[in-house]
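Down below is the structure, laid out as C-alpha cells.
Read-outs: derived from the displayed coordinates by stated rules, not from any lab. Predicted model only: the values in this text are computed from it and were never measured. Methodologically, a virtual Cβ is constructed for each residue, glycine included, from the backbone with ideal geometry; neighbour enumeration extends over all protein chains shown.
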Amino acid sequence: MSLTTDFNDYRQRMNERVLAYDNKVIKRFFNLDTNTYAAGAIDVKTKEMLGLACSLVLRCDDCVKYHLGKCHEEGLTDEEVFEVFSIANLIGGSIVIPHFRRAVEYWETLRAEAALAAPHHSAPHPPHEH
C-alpha cells in the first residue's frame, strides 16, 4: 500500500458506509459537494485550486489530500501547486505550515506514483535539479 492508495481506499470505504445509512441530508450535502466542483462558469482546474487553498487554510489534511489528487488529475504543474501553497500559507499564516509539509509529501507521492505508472518513466527529479 502507499500513502495515496491508503487514503483513497479509506475514503471510498467510509463514504460507502456513510451513504449506506441513507440519511437524506447527508446525501444531499455529498451531492452538493460533487456538483460544486463540476465545470461551470469556473473550470474544474481552478475550482480544485480554490478547494486546495481553502483546505490548507482550514487545516483539513484529508481535504488537502483529496484536492491534491484532483489537482494532479487536472494536470497541475509543480509551479502551479506551489503558487496555491503560497497563497494558502499567506492567508492562513504559520499555523498552516505543518499541513503544508504533509501536502508537499502527498504531492511528491502522487508525482512519483504517476512516474512509475508511465510507460517510459524516469525517476522524478526535485525542482531545479539538472
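Miscellaneous remarks
- Helix-only arithmetic for the chain: the sum of -39500 (n - 2.57) across DSSP H runs with n ≥ 4, divided by the residue total, places the mean residue ellipticity at 222 nm at -24000 deg cm²/dmol.
- Note on the chain: GNM, Cα springs under 10 Å; of ALA118, ALA53, ALA39, the largest mean-square fluctuation is that of ALA118.
- Given charges at Cβ of Lys, Arg, Asp, Glu: the chain dipole, positive-most of VAL25, GLY40, PHE100: VAL25
- Helix axis angle, 3-20 relative to the chain longest principal axis, alpha carbon, degrees: 10
- The angle between the Cα long axis of helix 44-58 and the longest principal axis of the Cα atoms of the chain comes to about 90 degrees, rounded to the nearest 10.
- Magnitude of the charge dipole, the range 3-117, Cβ model with Lys/Arg +1 and Asp/Glu -1, debye to 20: 560
- When the charge dipole of the range 3-117 is built from unit charges on Cβ atoms (+1 for Lys and Arg, -1 for Asp and Glu) and taken about the Cα centre, the candidate among CYS71, SER86, SER55 whose Cα reaches farthest toward its positive end is SER55.
- Take the Cβ atoms of LEU116 and ILE26, set R0 to 30 Å, and the FRET efficiency comes out at 0.25.
- Relative to the dominant Cα principal axis of the chain, helix 24-36 is inclined by about 40°.
- Which of THR4, THR46 has the fewest Cβ neighbours within 10 Å, and the rest in rising order: THR46, THR4
- Relative contact order (%) - the range 3-117, alpha-carbon pairs under 8 angstrom, separation at least six: 28
- Paramagnetic label reach from ASN15 (point 7 Å along Cα→Cβ; backbone nitrogen cut-off under 18 Å): within the range 64-81, residues 64-75.
- For the range 3-117, the number of Lys pairs separated by eight or more positions or lying on different chains, with C-alpha atoms closer than 24 Å, is 7.
- A simple spin-label model places pseudo-atoms 7 Å from Cα toward Cβ; at ALA38 and GLU73 they are separated by 1.4 nm.
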